[in-house]
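Every read-out reported here was derived from the displayed coordinates using simple, explicitly stated rules and does not represent laboratory data. None of the values given here were measured: they were computed from a predicted structure. Every residue, glycine among them, receives a Cβ derived from its backbone with ideal geometry; neighbour counts consider all protein chains shown.
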Amino acid sequence: MPRRTDIKKIMVIGSGPIVIGQAAEFDYAGTQCCLSLKEEGYEVILVNSNPATIMTDPNIADKIYMEPLDLEHVAKIIRYERPDGLIASMGGQTGLNLGMQLAKKGILDECGVELLGIKADTIDKAEDRELFKELCISIGEPVIESEIANNLDEIFKAAHDIGYPVILRPAFTLGGTGGGFAENDEELLPLAKNALKLSPVSQVLVEKSIKGYKEIEFEMMRDKNDTVIAICSMENIDPVGVHTGDSIVLAPVQTLTLKEFAMLKESAVKLMRALDLEGGCNIQFALDPYSFKYYLIEVNPRVSRSSALASKASGFPIARVSSKIAVGLTLDEIRIAATVASFEPTIDYVVCKFPRFPFDKFQDANRKLSTQMKATGEVMSIGRTIEESLLKSVRSLENKVDHLELASLKDKSLDELFDFIKKETDERIYGICEALRKGADIDDLYDITKIDRLFLRNLNNIVEMEKEIKDNPKNVEVLYEAKKMGFSDSYIARTWGISYVDVYKIRKENNIYPVYKKVDTCGAEYPSEVPYLYSTYEHENESIRSDRKKIVVLGSGPIRIGQGVEFDYTTVHAIWGIQEAGYEAIIINCNPETVSTDYTVSDKLYFEPLTFEDVMNVIDHEQPEGVVVALGGQTAINLADKLAAQNIKIFGTQADAIDVAEDRQLFEEAMNDINIPMPKGYGVYSVEEAVKAANEIGYPVLVRPSFVLGGRMMHIVYDEKVLKSKVKEAVAFDNEHPILVDKYVFGQECEVDAICDGEDVFIPGIMEHIERTGVHSGDSMSVYPPYSLSENAKKTIVDYTNRIGIKLKMIGLFNIQFIVDKSDNVSIIEVNPRSSRTVPFLAKSTDTPIANIATKVMLGAKLKDLGYVGLNKTRKRWYVKTPTFSFTKLTGLDVVLSPEMKSTGEAIGYDYSLNRALYKSLKASNTRVANYGTILATIADADKDQALPLIRRFYKLGFNIEATSGTAQFLRKNGIKTRSKKKISEGSEEILDSIRKGYVTYVINTSTEGITQNIDGKLIRRAAIDNNVTVFTCLDTVKVLLDVLEEITMGISVIDKE
Amino acid sequence: MNNKKLVLETGEVFLGKGFGANTERVAELVYNTAVVGYQEAFSDPSNLEYIMVMGYPVIGSYGLTDEDYESNELTISGLVVREYSKYPSNFRYTHELDERMDENGVPGISGLDTRELVRIINEKGSMRAMIANIDTPTEECLKKIKEYSVPKDVVAKISTKKVWYSRTVNYKYTIACIDLGLKKSLIAMLKDLGCNVVVLPYNANIEQILKYKPNGLFISDGPSNPYDIDNVIETINTLKGKMPILGVGLGQEIIELAYGAKLYKQKVGHNGCNIPVRNLKTNKIEITSQNDQYAVDVESLKKTELKPTHQNVIDGIITGVEDSKNKVIAVQFNPAPTSDDEYVFKRFINLIGGKKNA
């Protein structure tokens, strides 16, 4: 059946800003969807508010609306555009929910829009817990028994009906707080009492506990012809109890016999048919390890993180095929790689997905893994054995770990390790390996972890090989066996007491190189030219080097705080730019969620860790002209030195120039040379030096390590005591590079992204931040063009940018952050010799292909010839970037804005009026914009004068004001009616109760970091986040919010006074 | 360390570590791309006289389970894997793969680039190969390979020697099954559909078959060249029209021969569980499991009473035929209890029951 001809125009909804659980995978899916629809000749209208995406690039869709993803705005677009069809299943839960709202509110009917792909009825059945349960029961498929209980008696009755062990989940609490497992009545009683107390509606879900069951996933696909195929099966190493997004996952399944496999697959097929689902679907099962008993845990009738993983793991482009099915094609009509889409992919390798957690940045967050996902990103690796795949993925994580080994666990005894493992943190697998090293028994480890013995055996094989390596220094045969098992050069080097370059040399001398195998969906059954490769130490190399000139691009690895999807955006642009310049573009990356690892994007994709050895192996094989590192974020930049040392050409800014930008002393000298002022500061290596430096500069000072991204460990410090502790932390983190101690200057922060070709500089635009200095630029709202800078300041910024670009020998993109103080003095905070996270936002706001220009410049083009020199013409609209945070997912984390970046994503809003642009941007970032309710204020003494006019404005808008005693007293004195609440430190829960009751709209809490450990503030902020109340910790953001609220709110006044 | 080698007919040699039986063996080299289900493949009688290369690199992880065999023992001649996983983990496992291979005299070799082998077989076609000790001279191996040909009596070897029964309570029909290399799971499916099954040796004559008053005749899959088993052709021609007949795998090939069609040996057969087949009646795609070396010549099929019912989506090979007048149906693929093609058996039963729209 050919594609539908009764529809011409199709609207696609994206997933909006990135939050934990909804990341780059939807850029990958959305991009594929738009392109595959265009390929079929449809007009594609895209809505997505996330600027840092490839899908919102001009050549992906015909029309792009970067408007807030809410009913109001999307309905408006539908009414204006009148598409024939809508695809909602590419935008994650956000897209699906929005599609459902549009259907239920009658907007689709009103405008004659058909929901394509997954039908509304199907979505309801899959997403609504009760309907899903009914459906499963009707087709005889087992779901987990559960009952809702409203009091102690009901809880006990439910527990007895269902049978122990049970799990309790209090209703309407975020992040699953207050739940727990009970094995018997005694354990149930305290748990039940607590759960009832914590639920705002005193309601608890009692559910059968299947903790310890195997977690198995299937990615399924069905078309209107009722053909159903299983694209990929996956088995979680971490059994049920840990969110699949936080689990280490292998594909295909490893421990199932055909009987179990066929049983689950049949269930999945049955479910696809019962749901009448046309398109891709993710189905999760829990399987009893000791019987054929299984449960359906979850069905996601849309593309998902798992479907992105399955696509990359199998080579089968799920989003592309789903989109084609949505417009009427059937699986046998769709061609992919080596076969047709109705061929069930088969795999002849082992894929491992390893989650990337933000705990390196968020040290106070609770690391225990549970059913609430905490990972910000993930890596995938491909090998021919489980061990190889696991070890490759560990070194892909860029956690300063190159092996399943953590220094922090080395000194622990076996007992301590068992306690550690029982805590079920993200580091559990490292604990297991350490325990195995110390002789732990596999059965004992199985008992406490329920991780399948096969996987524990795999880990033990790795530990045994470690001994082999240790006992045979520089033995070439052992080296080959170790490489075959996936060991990194750097681990072997450490064990042998030599450098990783030495190991690389030994390999080179003995011709120990990996070969590259294809990911072709058919296990080599049919010949294919799929340019999708992974390394392994075997016999046949399938990667045939072409005789074209080629350039390698390094991707940005896993998504983490500070290095998100924006660097994949620039990576993809680098690929396109290289291709336009006539070269073959080769990409190396290890992130399965991204567009850059879609093998149709580049000429060749190597799915490999971004480490020196893995990159060098590819380079040795491909013999490229050189490597582009400047667009892959800090990951790629960090490799520049090491590659340059091997005489590999780095396109763009050279490694020594990068050093000047990142080395404190060299940078200061360079700035002195060109007379550009910067806050006084020093690079130090010890606490003593830091104290001396701070005394000379004068407090407050800004402390941070160099060579990091996202303001990791950056702090504003007001006294020596805190300084000492912060510097100690920073030295422990990195003793190779200096710690920077700078004078903290208070002022307006702004930044530029610019391109330099060595002779000229091009500045696409200047962005001005809303929040003051001291809030990380990634966490600030940012406005283009500047809204408050004087012409003079702008001129100075342009002038400095020009001078810095030329002086520092920048070739390609660089980013500079400035402070403009009250007297209009401009000084430099830092220069980043690479693409920054604002590039996509600025490219979209200025309608300038920044990354493309930069790539061409890196390859040798001149800005003059490209027609881009000086400051770009300023545009007429206002463009505002607002960060999004994932605080609700990270329990225990303090949510105060600081120099350390905490946001996970961003949204854009634009309009001819600044306030409207701000409004849209806030809406798009899911910030609550409500013009009524209660403000709960706790203001630090230093901020009280600044806060007063703001609180007064809330008061005038009709908000109730509640405040802690000190703040309340101050407000009342100034004529604002305020309800006073006792402080938590006074032993009162009044404030927390206010927050829990749900009537507080905003919490405004300022505290000065570092002066005292403000426990109250932290508790208040956390309580607010846990109850879904918006928190502001910076008064600048509050001011903007008020500007917006006043704009959208009709005021009231008496008739006789004007 | 390496102690075994795999020598191909074409002269290539691959070194690896031995497991299973410590013997040497020559046989036809085939590959299997299935990710799960090695036990069923290794004990499938159709795989007799095959050295099997597994496309999926890690084999052995869930061991072997007594109740999952497709026949009484492992049937393959040899096994080639990338990685033998020697500590199985599954609640039902009763033996390690290695253990049973040793008992059944099946040599294995691990550590080879099995993907390369799959590519070689695809490029050069099916070939013979030998698993040998590392110090056996390669010339000697090649000589042995040259001398080897697939024995013509494989079916005689694997087929049951005497009649046996699979009975079920409240049975509706009796099916006579000609065992050319029967898989246990197929009998179980017939049983689940309410049939008593009488399993007969491959050379059973008409009288012997009719003695059991069967309502239908089932011709199983099996190894070997379909041209080598002519007495079954006679059985089909005699019973055609008297009762519904179902052929599977080798059974289909023989039915095609009985109707006068010609078969040819494919360059590389099918050996996997993910092969899409179009049902020509409904136009639906079904994902099937296949295990074959021979295919029917389309032109010769046109001259017979058989009409194609199924076709491979990728290479266009006819994988199902029927003679609706005489109620004869045959499929190349192996209907599995939980797969798309399960209806084949139901259809057979419906034909027996005389249902019209079967």
Quiz item: For the range B:30-161, what's the relative contact order in percent, using C-alpha pairs closer than 8 Å and at least 6 residues apart?
Solution: 23 percent
Practice problem: Taking amide H positions as placed in the peptide plane 1.01 Å from N, state which residues far from A:VAL1031 in sequence (5 or more) or on other chains have amide H under 5 Å from it. | Solution: A:VAL1003
Quiz item: Ranking A:ILE237, B:ILE349 by Cβ neighbours within 10 Å, fewest first, what do you get?
Solution: B:ILE349, A:ILE237
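Counting other C-beta atoms within 10 Å, and keeping those with at most 14, which DSSP coil chymotrypsin sites (Phe, Trp or Tyr not before Pro) do you find in the range A:629-685? Could you put the intermediate results ahead of the total?
Working: sites: A:PHE651, A:PHE667, A:TYR682, A:TYR685; in loops: A:TYR685.
Hits after loop and neighbour filter: A:TYR685.
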Quiz item: Which of the trypsin sites (Lys or Arg not before Pro) found in the range A:248-309 are loop residues per DSSP with 12 or fewer other Cβ atoms within 10 Å of their Cβ?
Solution: A:LYS293
Quiz item: Measuring from a point 7 Å past the Cα of B:LYS124 along Cα-to-C-beta, which residues in the range B:8-39 have an amide N at less than 20 Å?
Solution: B:8-17, B:25-33
Quiz prompt | Links that overshoot a 24 Å alpha carbon limit, given the list A:LYS361/A:LYS844; A:LYS423/A:LYS467; A:LYS508/A:LYS642 | solution = A:LYS361/A:LYS844; A:LYS423/A:LYS467
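Let me check against my output: what whole-number percent is the relative contact order of chain A, with C-alpha pairs under 8 Å and at least 6 apart?
Values: 2343 pairs, mean separation 100.7, N = 1058.
Value for chain A: 10 percent.
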Practice problem: For A:GLU759 paired with A:ARG877, estimate the spin-label separation in nm (one decimal), with each label point 7 Å from Cα along the Cα-to-Cβ line. | Solution: 3.6 nm
Quiz item: Does a label point 7 Å from the Cα of A:LYS862, set along Cα-to-beta-carbon, have any residues of the range A:776-812 with amide nitrogen under 11 Å, and which are they?
Solution: none
Quiz item: Arranged by the count of other C-beta atoms within 10 angstrom, fewest first, what order do A:SER546, B:SER77 take?
Solution: A:SER546, B:SER77
Quiz item: Taking the alpha-carbon set of chain A, what are its Rg and Dmax in Å?
Solution: 28.5, 95
Quiz prompt | Of B:VAL80, B:VAL7, B:ALA27, farthest towards positive along the dipole that unit charges on Lys, Arg, Asp, Glu beta carbons give the range B:3-147 | solution = B:VAL7
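Considering every residue in A:445-458, what mean count of other chain Cβ atoms within 10 Å of its Cβ is obtained?
Per-residue shielding by partner chains comes out at 2.
Compute the relative contact order of the range A:902-944 as a whole-number percentage, counting only Cα pairs closer than 8 Å that sit 6 or more residues apart in sequence.
Details: 26 pairs, mean separation 11.4, N = 43.
It rounds to 26 percent for the range A:902-944.
If you take each beta carbon of peptide A:221-231 and count the beta carbons of other chains within 10 angstrom, what is the mean? Intermediate values should be presented prior to the final figure.
Working: counts 0, 0, 2, 0, 5, 5, 10, 4, 5, 2, 0.
Neighbouring Cβ atoms belonging to other protein chains average 3 per residue here.
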Practice problem: Quickly estimate the mean residue ellipticity at 222 nm for chain A, helices only: each DSSP H run with n ≥ 4 gives -39500 (n - 2.57), and the total goes over all residues, rounded to 500. | Solution: -11500 deg cm²/dmol
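Give me the Å³ per residue figure for the convex hull around the C-alpha atoms of the range B:3-147. Don't jump to the answer; show the numbers that get you there.
Numbers: hull volume 13.3 nm³, N = 145.
Convex hull of Cα atoms, per residue: 92 Å³.
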Quiz item: Assuming R0 = 51 Å, what is the FRET efficiency of A:ARG772 and A:LYS997, from their Cβ-Cβ distance, to the nearest 0.05?
Solution: 0.95
Quiz item: In terms of the Cα gyration tensor, with a ≥ b ≥ c the square roots of its eigenvalues, is the range A:720-763 rounded because a/c is under 1.5, prolate because a/b exceeds b/c, or oblate?
Solution: oblate
Exercise. Would you please classify the overall shape of the range A:718-838 from the alpha carbon gyration tensor, given that a ≥ b ≥ c denote the square roots of the eigenvalues, rounded means a/c under 1.5, and beyond that prolate means a/b larger than b/c while oblate covers the rest?
Key: oblate
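Which of the residue pairs A:LYS353/A:LYS517; A:LYS324/B:LYS284; B:LYS152/B:LYS242 have a Cα-Cα distance greater than 22 Å in the structure shown? Don't skip to the end; give the middle numbers.
Numbers: A:LYS353/A:LYS517 19 Å; A:LYS324/B:LYS284 17 Å; B:LYS152/B:LYS242 30 Å.
Violating the 22 Å limit, Cα to Cα: B:LYS152/B:LYS242.
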Exercise. Evaluate E = 1/(1 + (r/R0)^6) for A:VAL401 and A:ASN475, where r is the Cβ-Cβ distance and R0 equals 35 Å; express this FRET efficiency to the nearest 0.05.
Key: 0.90
Quiz item: Whose amide H sits under 5 Å from the amide H of B:GLY63, counting only residues 5 or more places off or on another chain, with H placed in the peptide plane?
Solution: B:SER89, B:LEU97
Quiz prompt | Spatially proximal lysines relative to A:LYS422 (Cα-Cα < 20 Å; intrachain offsets below 8 disregarded) | solution = A:LYS211, A:LYS214, A:LYS368, A:LYS374, A:LYS410, A:LYS412, A:LYS438, A:LYS450
Self-check item: Karplus-derived HN-Hα couplings along the range B:83-97 (A = 6.51, B = -1.76, C = 1.60, θ = phi - 60°), whole Hz, x at Gly and Pro
Solution: 9, 8, 8, 8, 10, x, 9, 6, 5, 9, 5, 10, 9, 7, 4
Quiz item: At q = 0.11, 0.23 Å⁻¹, what base-10 log of I(q)/I(0) does the Debye formula yield for the range B:265-345 when every alpha carbon is treated as an equal point scatterer in vacuo?
Solution: -0.26, -1.17
Quiz item: ³J(HN,Hα) across the range A:327-333 via Karplus (A = 6.51, B = -1.76, C = 1.60, θ = phi - 60°), whole Hz, x for Gly/Pro?
Solution: 9, x, 6, 10, 4, 6, 9
Exercise. Would you mind pulling out the separation of the Cα centroids of the range A:885-912 and the range A:354-418, in Å?
Key: 24 Å
Quiz item: Does the range A:653-695 come out rounded, prolate or oblate, given a ≥ b ≥ c as the square roots of the eigenvalues of its C-alpha gyration tensor, rounded meaning a/c under 1.5 and, failing that, prolate meaning a/b above b/c?
Solution: oblate
Quiz prompt | Distance between modelled label sites at A:GLN646 and A:ASP620, nm, 7 Å Cα→Cβ extension | solution = 0.7 nm
Quiz item: Taking the Cα centre of the range A:287-443 as the origin, how large is its charge dipole in debye, to the nearest 20, when only Lys and Arg (+1) and Asp and Glu (-1) carry charge on their Cβ atoms?
Solution: 560 debye
Quiz item: Hey, how many Å between the Cα centroid of the range B:274-299 and the Cα centroid of the range B:151-217?
Solution: 25 Å
Practice problem: Obtain the nm distance between the two label points defined at B:THR160 and A:GLU689 by a simple spin-label model: each point lies 7 Å from its Cα along the Cα-to-C-beta direction. | Solution: 8.5 nm
Practice problem: For A:VAL12, enumerate residues with amide H under 5 Å from its amide H, sequence gap 5+ or separate chain, H modeled in the peptide plane. | Solution: A:ILE45, A:LEU46, A:VAL47, A:ILE87
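Starting from the Cα-Cα distance between A:TYR699 and A:LYS63, subtract it from 0.36 nm times their residue separation and give me the gain in nm to one decimal. Don't skip to the end; give the middle numbers.
Details: separation 636, 0.36 × 636 = 228.96 nm, distance 5.15 nm.
Between A:TYR699 and A:LYS63, full extension yields 223.8 nm more.
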Exercise. Read phi for every residue in the range B:293-300 and hand back ³J(HN,Hα) as whole Hz from Karplus 6.51 cos²θ - 1.76 cosθ + 1.60, θ = phi - 60°, with x for Gly and Pro.
Key: 10, 9, 9, 7, 7, 4, 4, 5
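Determine, for A:LEU250, A:LEU479, the number of other Cβ atoms within 10 Å of each Cβ, and report the residues in order from fewest to most. Write down the numbers at each step before the final one.
Working: A:LEU250 25, A:LEU479 22.
Ranking A:LEU250, A:LEU479 by Cβ neighbours within 10 Å, fewest first, gives A:LEU479, A:LEU250.
Taking the range B:154-353, how much of its Cα-Cα pair set, in percent, is spaced more than 22 angstrom apart?
Values: 8263 of 19900 pairs.
Cα-Cα pairs in the range B:154-353 separated by more than 22 Å: 42 percent.
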Self-check item: Sites A:GLU72 and A:TYR164 - FRET efficiency at Förster radius 60 Å, r taken between beta-carbons, to 0.05
Solution: 0.80
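Would you mind working out the magnitude of the charge dipole of the protein assembly as shown relative to its Cα centre, with +1 at each Lys and Arg C-beta and -1 at each Asp and Glu C-beta, to the nearest 20 Debye? Before the final figure, lay out the partial values.
On the way: 169 positive and 201 negative charges, 545 e Å.
Here the protein assembly as shown has a charge dipole of around 2620 debye.
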Quiz item: What length, rounded to one decimal in nm, is gained on full extension from A:ASN150 through to A:LEU666, with 0.36 nm per residue of separation minus their alpha-carbon distance?
Solution: 179.1 nm
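Calculate how large, on average over all directions, the projected area of the Cα convex hull of chain B is; give the answer in nm² to one decimal.
Details: hull surface 69.7 nm².
Result: 17.4 nm².
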Self-check item: Positive-end extreme of charge dipole, the protein assembly as shown - chosen from A:TYR516, A:LEU390, A:PRO289 (charges on Cβ)
Solution: A:PRO289
